[in-house]
Amino acid sequence: MQETKPSLDVKTLFSVTLLAGEILLSSGAEIYRVEDTIHRLLRLSGIEAAESFVTPTCIIMTLRDPDSDTLTTLRRVTDREHNLARVARVNKVARALCDNKMSLEEASGTLEEIKQSKGYPEWAMMLLLFFLPVCFYMLFGGQDIASGLICLVTGTWLALIRKVMIRTSLVRFFHDLIRAAGVAFLASIMTRLFSADSNTNLIIISSIMPLVPGVSITTAIRDLLHGDYQSGTARGVEAFIIATAVAVGVGAGLFLFRMIP
Amino acid sequence: MDLHILVLIGGFLTAAGAALLFQVPVRQAMLCGGIGVLASFLNLLVSRGSEATVLSTFAASLLVAVLSHAAARIVKMPVTVFLIPCIFPFVPGAGMFHIVYSLIESRPADATMYFFSTMEFAGAIALAIFTVDTIFKKRVKVHTKCT
């Protein structure tokens, strides 16, 4: 199938592949998916000797052309955010390329556009964070209306602090720590002030759920399954660090509350 | 019994909300919500309406993984799009909280107990994803021949 396109520009293919891999990795895709996509795209050149090595922070890929030079590149991926829509869109482009339904130029343009795409507006994210604690509270079997309202208060904290945190370049660890500490403190103090009989623990648990490292855990598991032990452990450690930050934050919040006489 | 409806609504909202938080398009996020409802229903069923147990979490994660793979095949999107948001509500955040709380209350024995129970929950989720991934991986190799 590959022989039908001998005129394929290898250099363009190479850069398109790199771009696709970079977007995938920085959007939180599993290592397996990134490597697989790179492999499939590089194979389009008709050259069998295509290799890639991907870790959570960098991509190394090489294309050994027996007739000309070997192409190798290394790309560091530093800023990562979870954007599953990008993963899905890049996947679609890669499929179209594999099926010869899209030209390299089109693919390059689309990928650039995906890279620039912003996703949902900030106010929508804040609204989500505002409501998520109540949703979790319901999921965990909470039925008390007063506690639900306190969940809204902690949700407000999560939403507001997100806006502040985006501006400051604080290390992720302290970011999570401060958010969790605020949640624990607010939940405790609101319970004491307004409704003595609500379940503070359940409110805190519901409110820290948006902070727990669900993505890192899931991705780590799937990476490990595919034999990517390096990234699996790296993401496992990432999950553990986030979990520690949240835990220490909750501890700090509760401790602060106990200091109040 | 009717209060369990609240739990199911919570299951929908948390899964759909998590999906939106990770920028999943609205239509697929609703699908995530649907999976969330079914999973929390199974969770309730296995745990007999009380708090989630390791077994009920395992069952729910298994259902989530199967449905995510099915949904991914149907709408032709990566499994991650469905799997991550739908597993999110079952991540043992409660266990994490109890570990810290016990430590603050100076009850290290309880903290150790909660640590191991949290590990059990995480292990149950991991095992469920492992199992379903392996099954579907086999099927894919037989059926598709991309490139």
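The values are calculated or read from the model by the stated rules, or taken from the named source; none is laboratory data. Keep in mind that what you see is a predicted model, and the values were worked out from it rather than measured. Counting neighbours? That spans all protein chains shown, and the Cβs are built from the backbone with ideal geometry, glycine included. For accessibility, only protein heavy atoms count, side chains too; no ligands or nucleic acids. Shrake-Rupley method; radii C 1.70, N 1.55, O 1.52, S 1.80 Å.
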From the list A:152, A:225, A:193, A:202, which residue is closer than 28 Å to residue A:26 by Cα and not assigned by TED's automatic domain parsing to the domain that holds residue A:80? A:225
Mind counting the residues in the range A:110-139 that are more than 8 Å from chain B (Cβ to nearest Cβ), without any contact (Cβ under 8 Å) to a residue 40 or more places away in the chain and of a type outside the set (D, E, K, R)? 8
Do you know which of the residues in the range A:210-248 that are facing chain B (nearest Cβ under 9 Å) and in contact with a Leu (Cβ under 7 Å, 6 or more places away or on another chain) is most open to solvent (accessible area, probe 1.4 Å)? A:248
Which one is surrounded by the fewest Cβ atoms within 10 Å (Cβ to Cβ) among residues in the range B:1-39 that are among the β-branched types (Val, Ile, Thr) and within 7 Å of chain A (Cβ to nearest Cβ)? B:9
Using the structure shown, decide if residue A:127 is open to solvent by less than 30 Å² (accessible area, probe 1.4 Å), part of a helix (DSSP H, G or I) and aliphatic (A, V, I, L, M). no
Could you say whether any residue in the range B:65-81 is facing chain A (nearest Cβ under 8 Å) and under 24 Å from residue A:211 (Cβ atoms)? yes
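Give the range A:165-193 a look and list any residue that's more than 13 Å from residue A:253 (Cβ to Cβ) and modelled with pLDDT of 80 or more, or say none.
Within the range A:165-193, A:173, A:174, A:175, A:192, A:193 qualify.
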State whether the residues of the range A:173-194 include one that is loosely packed, with under 15 Cβ neighbours inside 10 Å, of a type outside the set (Phe, Trp, Tyr) and out of contact with any Cys (no Cβ under 7 Å at 6 or more places or on another chain). yes
Condition set free of Cβ contacts under 8 Å to residues at least 60 places away in the same chain and open to solvent by less than 20 Å² (accessible area, probe 1.4 Å), scope the range A:140-160, selection farthest from the other protein chains (Cβ to nearest Cβ): answer is A:150
For residue B:127, work out the one condition from (1) touching a residue at least 12 places away in the same chain (Cβ under 8 Å); (2) buried (at least 19 other Cβ atoms within 10 Å of the Cβ) it doesn't fulfil. (2)
